[in-house]
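The values are calculated or read from the model by the stated rules, or taken from the named source; none is laboratory data. Owing to the predicted nature of the structure, the values given are computational and were not obtained by experimental measurement. So basically every Cβ, Gly included, is an ideal-geometry build from the backbone, and we count neighbours across all protein chains shown. Areas reflect the complete protein model, heavy atoms only, side chains present, ligands, DNA and RNA absent. Shrake-Rupley method; radii C 1.70, N 1.55, O 1.52, S 1.80 Å.
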Amino acid sequence: MVYQEKRQCLARKRHRVSKLTLFLCASILSTPCMADMLAAEKWINNEFKESTLTKEQQMKEMQWFINAARPFKGMTIRVVSERIDTHVYEAKVLAKAFQEITGIKLVHEITGEDDVVKKIATQIELDYSIYDAYINDSDFIGTHYRSGKVVSLTDFMAGEGKEVTLPSLDLEDFIGLSFTTGPDGKLYQLPDQQFANLYWYRADWFDRADFKASFKKLYGYELGVPQNWSAYEDIAEFFTIHVKTIDGKKIYGHMDYGKKDPSLGWRFSDAWLSMAGAGDKGIPNGLPVDEWGIRVEDCHPVGASVSRGGALNGPAAVYAITKFIEWLNKFAPPEAKSMNFSQAGAVPGQGTIAQQIFWYTAFTAALTDPKLPVMNSDGVPKWRMAPSPRGPYWEKGMKLGYQDTGSWTFMTSTPLKNRKAAWLYAQFVTSKTVSLQKMLIGLTPIRNSDIMSDKMTKVAYKYGGLIEFYRSKARVAWTPTGSNVPDYPGLSDLWWKNISLAVNGQLSPQEAMNKMAAEMDERLMALEQKGQERCAPRMNPQKDESYWLNQPGAPKAKLANEKPQGVTLPYESALEAWN
Amino acid sequence: MKIRVTYLTVFMLNILVSSVYATTFTLLTEELPPYSIRGNGSGTGASIDIVSQLFERAGFDYEIIIVPWKRAMRMSLSDANTCIFPMQRNQEREATYHWISPILITQTGFYTRKDSPHKLVTIDDAKGLIIGTYNGSAVAEYLTSWGYDVRITPRDAPNIHKLMKNRIDVWAADTLSAKYLADKHKITNMKEQLVYFSTLRALACNTKVAEIKVNKLRQELKLMYTDGTIEAIISKYK
């Protein structure tokens, strides 16, 4: 049989086959072979031209996939992810490449993030296999670790998945592994794409001499990249109230969104409180109190309200919500209040926004469309992204922003054979053969080798500071939701349901956060009663808030002055400040 | 005295609970074989059977009415004690209902004639082709949002005939519905090319429905999955 396969391989010499394919095919007698290697070579030549591997290394990597996939040939594997450029590329292009190269039929579904969350929560709760793998945000790490329903990849790679684990996977090269590792030190998810939440501003407007002069005259310091919320607020006021119009068009010094919708929750669960400084020091999330305001002791959540040692309704959290509402009302376009995440995302590209404190870099590709008024004719953006300004409660050593890390996640309820085949696809779309090209399409880096590559150096000027950010030491302070949160899908709706009450004026920020903290505690107590596989909540008894506010760290007592002097820096210095 | 207080408390609780539970729910659905099939009484079908079983197990009175989907949506948003099923749960609708989910996990596929020259490996391969689906379906919304050439009919059934007459290249349909309609119309020249989307279908109740009732229904639904009831009902219609 092997001999026959080899003969068939060599018989295809009459086709246009490279010497490399022939060599690999002829020298590995067990390869099934030539058609798959021809497919691999076609994809490498036509699609995966940009790679940190040589073509020979790429071919060897593909050859490994072909061999490893043989027991799964003909199977249909179903995976799901949210709708961003990177995953669309995977669904349309990489799934097809994988299928042609390995013979495994791959259906990569794309849907809304909320739908992904509902589906994975359903599979966890019902032990009912819907998908063979999920690309699920690493914000779920605390949930997955505690549920006992998610496969530990550390165990899988060493055990039943050993023969389907890519030798050249090079885990050390992934920049987001700390986000997907549980408190037990085991890897539970493999990063597939990452994007951060940064400060965005119109560099061309900030460079205008007339604006610089009038800003300095009004506020007493230079117009530049704001380092604190005081400066952000001053700049927002400057553009909305004082500059008012540019070239006859109304412009605004701030953009945000406030519609009652699940996406309003992301605006806060994605680390807004940590930007104000509500949590504790410690990377990635702050210990013992994280950016959700949840305190943990020995991996057990013990409370979210100040009376139990949490910080969800503490002065820093209330300050963060107050500023969100105040800026939305005073400095953003009037329609922003009734927009959701998707609607608001396109607005900075329309050319009327001077800066945005909370901006997802996933919008980079969309905002570099040459047709947009925020692009120069030479393909260089008029805007830049920079590390975000911090609130008055923030201290050095704390996280300063959010990083989304969509990661491959495998459930124990998925049949082993399907799980193995899906693991092959997960490694294929994150392999070095593919990852640099994927990064160029979606701008969501996962590998250090790609970020530091010559190719990215050549094209960095196009992306408004994205590559510079990922090459700087600043990136470690931008992290996803961490392991303090024991049930992400079961708790996250509290954000939008409660904060919308404050945005709509039905409750004050303090009342809304008190209500939310009480509800968060109730749900944590319910989890304590129900129990979790490990590290379930063990709630603290309630104490007078002053007890906790007088302890070091979070929850922090109210500052006498929440608006210190504004500080700005030139763009280059703003990045260097982190190195 | 202590016993009396307990007795009164339980008695009062019973009154409270029975008054809370006394309402008759109006459960709205559209005709969508094999999920809901108009017939004598309240009809049959996979989703009707599941929802009926759910309310019976929860001990709630209910009435199932089959109406056009858009009317069902309107009524479920405005009338208290009214629910709609099987509804696709999504981000835009999240805040407008109480959700009991999933009552069904359905799949949508692309169907072509067997002799079609088009090979659909990924959803992208349907770009440029004429895709038939029906009004109000989640499929139509999904494909339109991706910029596909979608032709929408008021009901799904005519699409299978349009496909056979080459008036559309692809029929995007629920996998159970497609099989049901192909069997019913004795269509054999049709093939399933790509099952491209899975959907959680929910019972969506008006936000005025009491939380205690919603939670009761959620608990019962979970039990129906774990004891195999859901699987047994679905398998009857496969």
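What value in Å³ per residue do you get for the convex hull of the alpha-carbon atoms in the stretch A:101-247? Intermediate results must be reported in sequence, preceding the final value.
On the way: hull volume 34.4 nm³, N = 147.
Taking the convex hull of the Cα positions in the stretch A:101-247, it is 234 Å³ per residue.
Quickly rank B:148-155, A:461-468, A:224-231 as a protection proxy: mean count of other C-beta atoms within 10 Å, highest first. Working shown, then result.
Numbers: B:148-155: 15.6, A:461-468: 20.9, A:224-231: 23.5.
Result, highest mean first: A:224-231, A:461-468, B:148-155.
Sorted by packing (mean other beta-carbon atoms within 10 Å per residue), highest first, where do A:347-358, B:123-134 land?
Averaged packing, sorted descending, gives the order A:347-358, B:123-134.
Kindly provide the helix-only [θ] at 222 nm of chain A, computed as the sum of -39,500 (n - 2.57) over DSSP H runs of four or more divided by all residues, to the nearest 500 deg cm²/dmol? Numbers along the way, then the final one.
Numbers: 27 runs with 240 residues, N = 579.
Mean residue ellipticity at 222 nm (helix-derived): -11500 deg cm²/dmol.
What is the calculated FRET efficiency for residue A:207 to residue A:563, with r their C-beta to C-beta distance and R₀ = 35 Å, to the nearest 0.05? Each step should come with its number before you reach the end.
Values: r = 26 Å, r/R0 = 0.75.
My answer for the efficiency is 0.85.
Evaluate 2.2 N^0.38 Å with N set to the residue count of the stretch A:65-172, then give the Cα radius of gyration divided by it.
Numbers: Rg = 14.7 Å, N = 108, 2.2 N^0.38 = 13.0 Å.
The value comes to 1.13.
Hey, if we sort B:97, B:237 by accessible area with the 1.4 Å probe, largest down, what's the order?
Numbers: B:97 15, B:237 55 Å².
So, going from the largest accessible area down, we get B:237, B:97.
So if R0 is 51 Å, what FRET efficiency would residue B:75 and residue A:149 give, r being the distance between their Cβ atoms, rounded to the nearest 0.05? Before the final figure, lay out the partial values.
Values: r = 38 Å, r/R0 = 0.74.
The formula returns an efficiency of 0.85 here.
Under 8 Å for C-alpha pairs, at least 6 residues apart: give me the relative contact order for chain B, rounded to a whole percent.
Relative contact order for chain B comes out at 28 percent.
If we restrict to alpha carbons, what Rg and Dmax does the stretch B:169-238 come to, in Å?
When restricted to the Cα atoms of the stretch B:169-238, Rg and Dmax are 17.1, 50 Å.
Counting pairwise Cα distances across the protein assembly as shown, what percent come out greater than 41 angstrom? Each step should come with its number before you reach the end.
Details: 130450 of 333336 pairs.
In whole percent, the share of Cα-Cα pairs in the protein assembly as shown beyond 41 Å is 39.
For the stretch A:427-579, what log10 I(q)/I(0) values come out of the Debye formula at q = 0.12, 0.14, 0.17, 0.20 1/Å, with one point per alpha carbon and no solvent?
Results for the stretch A:427-579 at q = 0.12, 0.14, 0.17, 0.20 Å⁻¹ read -0.91, -1.05, -1.10, -1.20.
Report, by chain and number, residues whose modeled amide H sits under 5 Å from the one on residue B:103, excluding near sequence neighbours (fewer than 5 apart, same chain).
Hits under the 5 Å cutoff: B:201, B:202, B:203.
To the nearest 0.05, what FRET efficiency results for residue A:76 and residue B:129 with a Förster distance of 35 Å applied to their C-beta separation? Write down the numbers at each step before the final one.
Values: r = 22 Å, r/R0 = 0.62.
It comes to 0.95.
Could I get the Rg over Rh figure for the stretch A:403-456? Both from C-alpha atoms, Rh via Kirkwood, rounded to two places. Write down the numbers at each step before the final one.
Values: Rg = 13.5 Å, Rh = 12.6 Å.
Expressed as Rg/Rh, it is 1.07.
Which order do the peptides B:166-172, A:272-278 take when ranked by the mean count of other beta-carbon atoms within 10 Å per residue, highest first?
On the way: B:166-172: 21.4, A:272-278: 28.1.
Sorting B:166-172, A:272-278 by mean packing, highest first, produces A:272-278, B:166-172.
Rounded to two decimals, what is Rg over Rh for the stretch A:370-487 when you use alpha-carbon atoms and the Kirkwood radius?
Working: Rg = 18.1 Å, Rh = 17.3 Å.
My calculation puts Rg/Rh at 1.05.
Leaving ligands and nucleic acids out of the surface, order A:538, B:57 by accessible area at 1.4 Å, largest first. Before the final figure, lay out each step's value.
Numbers: A:538 140, B:57 80 Å².
Heavy-atom accessible area, descending, gives A:538, B:57.
Past 26 Å, Cα to Cα, is the threshold; run A:49/B:114; A:260/B:208; B:114/B:179 against it and keep the listed order.
On the way: A:49/B:114 37 Å; A:260/B:208 18 Å; B:114/B:179 15 Å.
Among A:49/B:114; A:260/B:208; B:114/B:179, the Cα-Cα distance tops 26 Å for A:49/B:114.
Where the only charges are on Cβ atoms (+1 Lys, Arg; -1 Asp, Glu), what is the dipole of the protein assembly as shown about its Cα centre, to the nearest 20 debye?
The dipole of the protein assembly as shown has a size of about 1860 debye.
Taking each residue of A:75-85 in turn, how many C-beta atoms of other protein chains fall within 10 Å of its C-beta, and what is the average? List each step's numbers first, then the result.
On the way: counts 0, 2, 0, 5, 0, 2, 0, 0, 2, 0, 0.
Rounded to a whole number, the mean comes out at 1.
In the neighborhood of residue A:287, defined by Cβ-to-Cβ distances under 14 Å, what is the net charge if each Lys or Arg adds +1 and each Asp or Glu adds -1? Please list the in-between numbers first.
Details: positive: A:281, A:295, A:399; negative: A:280, A:290, A:291, A:297, A:298, A:395.
Combined, the nearby Lys, Arg, Asp and Glu give -3.
Which value, in debye to the nearest 20, gives the size of the charge dipole of the stretch A:42-123 about its Cα centre, when Lys and Arg are +1 and Asp and Glu are -1 at the Cβ?
Values: 13 positive and 12 negative charges, 94 e Å.
About 440 debye.
Can you give the percent of C-alpha pairs in the stretch B:106-198 whose distance is more than 19 Å?
On the way: 1209 of 4278 pairs.
Distances greater than 19 Å cover 28 percent of the Cα pairs.
At each listed q (0.08, 0.11 Å⁻¹), what is the log10 of I(q)/I(0) that the Debye formula gives for chain B modelled as equal alpha-carbon point scatterers?
The calculated log intensity ratios at q = 0.08, 0.11 Å⁻¹ are -0.36, -0.62.
Under 18 Å Cα-Cα from residue A:42, which lysines qualify once same-chain neighbours fewer than 8 residues away are excluded?
Within reach: A:13, A:19, A:55, A:60, A:92, A:96, A:432, A:438.
Can you list the lysines whose alpha carbon is less than 18 Å from that of residue A:244, not counting same-chain residues fewer than 8 positions off?
A:212, A:216, A:217, A:330
Quick one: putting +1 on the C-beta of Lys and Arg, -1 on the C-beta of Asp and Glu, what dipole do you get for the stretch B:106-198 around its Cα centre, in Debye to the nearest 20?
Charge dipole of the stretch B:106-198: 420 debye, to the nearest 20.
Tell me the relative contact order for chain A as a rounded percent, counting alpha carbon contacts under 8 Å between residues six or more apart.
Working: 1156 pairs, mean separation 140.3, N = 579.
Once normalised by length, the contact order is 24 percent.
Given a cut-off of under 8 Å on Cα pairs at least six residues apart, what relative contact order in percent is computed for the stretch B:106-198? All intermediate terms of the calculation are to be shown ahead of the outcome.
Details: 155 pairs, mean separation 46.2, N = 93.
Computed value for the stretch B:106-198: 50 percent relative contact order.
Straight-line reach only, C-alpha to C-alpha below 12 angstrom: list the aspartates and glutamates that residue A:73 could link to, leaving out same-chain residues fewer than 8 apart.
A:36, A:100
Can you give the local net charge around residue A:331? Use residues other than it whose beta-carbon is closer than 14 angstrom to its beta-carbon, Lys and Arg +1, Asp and Glu -1. The partial results should precede the final answer.
Details: positive: A:244, A:250, A:323, A:330, A:337; negative: A:233, A:234, A:237, A:256, A:326, A:335.
Counting the neighbours of residue A:331, the net charge comes to -1.
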